[in-house]
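Since the structure comes first, as structure tokens, the remarks are kept for the end.
The values are calculated or read from the model by the stated rules, or taken from the named source; none is laboratory data. What you see is a predicted model; the values in this text were computed from it and never measured. All Cβ positions, even for glycine, are placed from backbone atoms using ideal geometry, and neighbour counts span all protein chains on display.
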Amino acid sequence: MTGGGARIWALHAAVLVVVFAAQYWLSPYHATNLARIMVLAVFAMGYNLAFGYTGLLSLGHALLLAAGMYAASIPAQLWGWTAGPALIAGIAAGGLMAGAVGLLALRTAGVSFMIVTLMFAQAGFLTILYFAPVTGGDDGFALPAASRTILGFSLATDTPRFLAAFGLFASGLLASLALVRSSFGRTMVAMRENEERSRMLGYNPFTVKLAALVISGLYAGGAGAAWALLFGYAGASFASIQYSILPMLYVLLGGAGTVLGPFLGAVLMFYLIEFASDLTSAYLFIVGLALVILVLFAPKGILGTIRERWARWLP
Amino acid sequence: MAFGPFLLLALMEGLVTAAVLALAAAGLSLVFGVMRVVNVAHGEFYMLGAILAWVVASVVPGPPAVGFVAALVIAPVLVGALAAAADGLILKRLHYDPEATIVATIGLLYMIQQATLSLYGPNANPVPAPFEWRIQLPWFGYSGYKLFVVLAAGVVLLALWIFMRRTKAGLIMRATQVDRTTARSFGINVDLVYMGTFALGAGLAALAGVLIVPIQQAQYLMGGDPLLLSFIVVIIGGLGSLRGTLIAALVIGLSDGTISMFFTPTLAKIIATLLVAMVLVFRPQGLFGARA
């Protein structure tokens, strides 16, 4: 993964240019879809930093998404915060929640880690239902239009919404690229590959994994807040187990441990689900089938396979 | 109703929950113990058992008892066959890697749930109890069928215990659990043991589903709660320890029955979930101290 700096940055810049230009030739319907995909991709990129690079298979990332979503939308609802401060609150809440969960859950590893994160997320989901008067429970609530503004632009209109989603996505992608190419990024991979050996080399696995989880939480919180602010709705369903599975699916499809994989996975899965929803109400069947096929036949995902066969330099 | 009888009613309801839970959790625990596989689709096998009970009951003519007895045999066998197929087609090819099998069984969960939604529909359907018989206590009447469920679960669990402890097949399963490489070098067909274990575990869940369906209606989303509770039971009892699982099922079932009569169920679930997460964090071998 070392070397090839210029080529790598050029590739990612090119992807960003294409995504940015897409708003000019896509129909408004697909442009809005792309904005949704970009927000989901930010969530998946955060998941990828924990799972793909650090090897932390969490089944509770919906909790972090929901933490960001409610930390942004409750102040917007009650005190009329605008999008800027609400987004910052959401990102911070995602990081804080990840830190709190990590302090406890990282005492376990492997299967226990998966179950503990699942349990925490389930407790979070039930807590949101329990405080239904504030959170809206299962029905959720619509955010007031007045708080969905940033720098005077309304996020309820197409162009500012697309640009805001793109801004978040681009900064997330570049930060993730810079992170995995840094020495800390290599330490994260070392935790995934061989924790004992990294410990012998003098790294503290607990702090490295906690830091990776918190960074992952910042992404998830940002995505949750952005979803609420851009699309005007917050609800308990975003804390359900399904939203812990989705980023895992995106990452597995696109390629775990690749920078562009989460976005690619999100695009493909989003349209696959959309296509399947037209045919049947049981579109989750497709999600299940995709999961099984991926772990069976392509555990490295699309970009992981490409990297293995043809492009060793792909980060 | 006075407090005493009210508590008795709560305990009796809790005992029924505990009995069904013990069956489902024993299946989960068996699969985890022998195969080291966390089967997230376990709740769906329970749901399939209930749905198949409804199908069998509506196909088989005659009094409800005939259909019920038929379902008791047919549903676990069919679900066990499905599980064996899933083992051969999916889990075996993943070499039972713990994390990959969790992802695969999540996929299996969605597929079973959604296939049921498409074929059976979103409705909840009742199945008549095999017999109508009420026990009249001084304070309230109580369904005799519910007591039958407790009894039946006890018999099945006893049979399972005898099977694991007293038969050759049980011995082979325990040997595989302790050390699969050594077991293989002694000529044990480990693949077959795994397939049988997965089918047995699923069959136990399906049996629990058949037993519960005259009390609760059959619906395609009914697998969620038993899955979570079975997880809780298996973790509290110590992963892979059958005895711990039984004790924990009693504790969880009885306390779930009583707590949800006195407090709101959501709050009770929040507390239980957090407590279990803490058990796993601070006492990974479970509360009953069996070897990890």
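A few points about this structure:
- Among the candidates A:A92, A:A132, residue that is closer than 22 Å to A:L229 by Cβ, surrounded by fewer than 21 Cβ atoms within 10 Å (Cβ to Cβ) and at the interface with chain B (Cβ under 10 Å from one of its Cβ atoms): A:A132
- Qualifying residue in region B:203-224 (condition: at pLDDT 90 or above, away from chain A (no Cβ under 14 Å), touching a His at 6+ places or on another chain (Cβ under 7 Å) and within 27 Å of B:L82 (Cα to Cα)): yes
- Test set (1) buried (at least 21 other Cβ atoms within 10 Å of the Cβ); (2) under 22 Å from A:I115 (Cα atoms); (3) more than 12 Å from every other protein chain (Cβ to nearest Cβ) - B:Q177 fails condition number: (1)
- Of the numbered criteria (1) part of a helix (DSSP H, G or I); (2) within 14 Å of chain B (Cβ to nearest Cβ); (3) among the hydrophobic types (A, V, I, L, M, F, W, C); (4) free of Cβ contacts under 8 Å to residues at least 40 places away in the same chain, the one A:A282 fails is (1).
- Residue match in region A:175-193 (condition: of a type in the set (D, E, K, R), surrounded by fewer than 17 Cβ atoms within 10 Å (Cβ to Cβ) and under 18 Å from A:G110 (Cα atoms)): yes
- The listed residue being more than 14 Å from chain B (Cβ to nearest Cβ) and over 29 Å from A:W79 (Cα atoms), out of A:S198, A:S112: A:S198
- Any hit, region A:139-151, residues being surrounded by fewer than 23 Cβ atoms within 10 Å (Cβ to Cβ), closer than 30 Å to B:T105 by Cα and within 14 Å of chain B (Cβ to nearest Cβ): no
- When we screen A:L264, A:L246 for residues that are in contact (Cβ under 8 Å) with a residue 40 or more places away in the chain and buried (at least 20 other Cβ atoms within 10 Å of the Cβ), the only hit is A:L246.
- Within the set A:F297, A:F285, the sole residue that is under 21 Å from B:H95 (Cβ atoms) and surrounded by fewer than 23 Cβ atoms within 10 Å (Cβ to Cβ) turns out to be A:F297.
- Only listed residue being farther than 18 Å from B:M222 by Cα, out of contact with any Gly (no Cβ under 7 Å at 6 or more places or on another chain) and surrounded by fewer than 14 Cβ atoms within 10 Å (Cβ to Cβ), chosen from B:L78, B:L94, B:L89: B:L89
- Apart from one condition, A:A100 fits all of (1) surrounded by fewer than 16 Cβ atoms within 10 Å (Cβ to Cβ); (2) under 17 Å from B:V279 (Cβ atoms); (3) free of Cβ contacts under 8 Å to residues at least 60 places away in the same chain; the exception is (2).
- Test: A:V259 is crowded, with 22+ Cβ neighbours inside 10 Å, assigned to a helix (DSSP H, G or I) and either of a type in the set (A, V, I, L, M) or within 10 Å of chain B (Cβ to nearest Cβ) (or both): no
- Test: B:Q285 is of a type in the set (S, T, N, Q), part of a loop (DSSP other than H, G, I, E, B) and within 14 Å of another protein chain (Cβ to nearest Cβ): yes
- Flag for A:L104 being over 17 Å from the mean Cα position of the chain (by Cα) and over 30 Å from A:G152 (Cβ atoms): yes
- Whichever residue in region B:270-282 is touching a residue at least 24 places away in the same chain (Cβ under 8 Å) and within 7 Å of chain A (Cβ to nearest Cβ) and, among such residues, is farthest from B:T17 (Cα to Cα): B:L280
- Residue in region A:46-67 that is more than 17 Å from A:M248 (Cβ to Cβ), away from chain B (no Cβ under 14 Å) and in a helix (DSSP H, G or I) present: yes
- On inspection, A:A72 does not qualify as over 17 Å from A:I245 (Cα atoms) and surrounded by fewer than 24 Cβ atoms within 10 Å (Cβ to Cβ).
- For region A:224-235, the count of residues that are more than 13 Å from chain B (Cβ to nearest Cβ) and part of a loop (DSSP other than H, G, I, E, B) is at least one.
- Helices (runs of 4 or more DSSP H) within region B:180-260 that include 2 or more residues surrounded by 24 or more Cβ atoms within 10 Å (Cβ to Cβ) and under 15 Å from the mean Cα position of the chain (by Cα): B:190-212, B:224-236
Residue-wise test of (1) of a type in the set (V, I, T); (2) within 14 Å of chain A (Cβ to nearest Cβ); (3) surrounded by 13 or more Cβ atoms within 10 Å (Cβ to Cβ).
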site	(1), (2), (3)
B:A83	no, no, yes
B:E99	no, yes, yes
B:V103	yes, yes, yes
B:G121	no, yes, no
B:N125	no, no, yes
B:G154	no, no, yes
B:L160	no, no, yes
B:K168	no, no, no
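- Comparison of B:V66, B:V38 shows that the only residue that is closer than 24 Å to B:I235 by Cα, at pLDDT below 90 and aliphatic (A, V, I, L, M) is B:V38.
- Complete set of residues in region B:159-171 that are assigned to a helix (DSSP H, G or I) and within 23 Å of the chain's Cα centre (by Cα): B:A159, B:L160, B:W161, B:I162, B:F163, B:M164, B:R165, B:R166, B:A169, B:G170, B:L171
- Between A:I293, A:I306, A:I273, the distinction of being of a type in the set (V, I, T), part of a helix (DSSP H, G or I), away from chain B (no Cβ under 11 Å) and over 19 Å from the mean Cα position of the chain (by Cα) belongs to A:I306 only.
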